[in-house]
Amino acid sequence: MAGDTGLCGMCAWADAVRSAHGSVFLRCRRSEAEPERFAKYPRLPRLECEGFEAVRKPAEGIEPSTSH
Ligand code: SF4
């Protein structure tokens with residue numbers, strides 16, 4: 001995924017979804033249970049999120065954020 005994904009790129013709840021046109025989107029699985037709190041396709045980069053849970057490796061297909 002191009003650009004900086006922020007927290008979502010390192011979050012256990014994020015899935016990478018590839019469209020028919022080849023674009024890659026990041027989907028937040030927390031939106032399934034709590035759509036009023038979490039967007040299905042969060043606007044990136046997301047710099048703060050109360051639902052963030054870190055994973056040891058980035059979500060598949062998503063480049064980790066390199067800026068600190
Ligand atoms: S919980 Fe927050 S940081 Fe994690 S994928 Fe959803 S919007 Fe992104």
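Looking for something open to solvent by 70 Å² or more (accessible area, probe 1.4 Å), part of a loop (DSSP other than H, G, I, E, B), within 11 Å of the ligand (Cβ to nearest atom) and touching a helix residue (DSSP H, G or I) at 6+ places or on another chain (Cβ under 8 Å) - is there at least one such residue anywhere in region 45-62? Before you say what the answer is, go through the steps one by one.
Step one: filter region 45-62 for residues open to solvent by 70 Å² or more (accessible area, probe 1.4 Å), giving 47-48, 50, 53-54, 56-57, 60.
Pick out the ones that are also part of a loop (DSSP other than H, G, I, E, B) and you get 47-48, 50, 53, 56-57, 60.
In the following step, the residues that additionally are within 11 Å of the ligand (Cβ to nearest atom) were identified as 47-48, 50, 53.
Narrowing further to those that are touching a helix residue (DSSP H, G or I) at 6+ places or on another chain (Cβ under 8 Å): 47-48.
Yes, because at least one residue in region 45-62 is open to solvent by 70 Å² or more (accessible area, probe 1.4 Å), part of a loop (DSSP other than H, G, I, E, B), within 11 Å of the ligand (Cβ to nearest atom) and touching a helix residue (DSSP H, G or I) at 6+ places or on another chain (Cβ under 8 Å).
Taking the residues in region 25-44 that are more than 8 Å from the ligand (Cβ to nearest atom) and more than 15 Å from Gly9 (Cβ to Cβ) as candidates, determine which candidate is least open to solvent (accessible area, probe 1.4 Å).
Filtering region 25-44 for residues that are more than 8 Å from the ligand (Cβ to nearest atom) and more than 15 Å from Gly9 (Cβ to Cβ), the one least open to solvent (accessible area, probe 1.4 Å) comes out as Glu34.
Restricted to region 16-44, and to residues that are among the aliphatic types (A, V, I, L, M) and within 14 Å of the chain's Cα centre (by Cα), which residue is farthest from Gly6 (Cα to Cα)?
Only one residue tops the list, namely Val17.
Where residues in region 1-24 are assigned to a loop (DSSP other than H, G, I, E, B) and under 17 Å from Gly51 (Cα atoms), which of them is least open to solvent (accessible area, probe 1.4 Å)? Steps first, please.
Of all residues in region 1-24, those assigned to a loop (DSSP other than H, G, I, E, B) come to 1-5, 12-13, 19-23.
Those left that are additionally under 17 Å from Gly51 (Cα atoms): 5, 12-13.
On the way: Thr5: 1, Ala12: 35, Trp13: 76 Å².
Residue satisfying both the conditions and the ranking: Thr5.
The values are calculated or read from the model by the stated rules, or taken from the named source; none is laboratory data. Given the structure is predicted, the values throughout are model-derived calculations rather than measurements. We place every Cβ from the backbone using ideal geometry, glycine too, and count neighbours over all the protein chains shown. Ligands, DNA and RNA are excluded from the accessible area calculation, which covers all protein heavy atoms including side chains. Shrake-Rupley method; radii C 1.70, N 1.55, O 1.52, S 1.80 Å.
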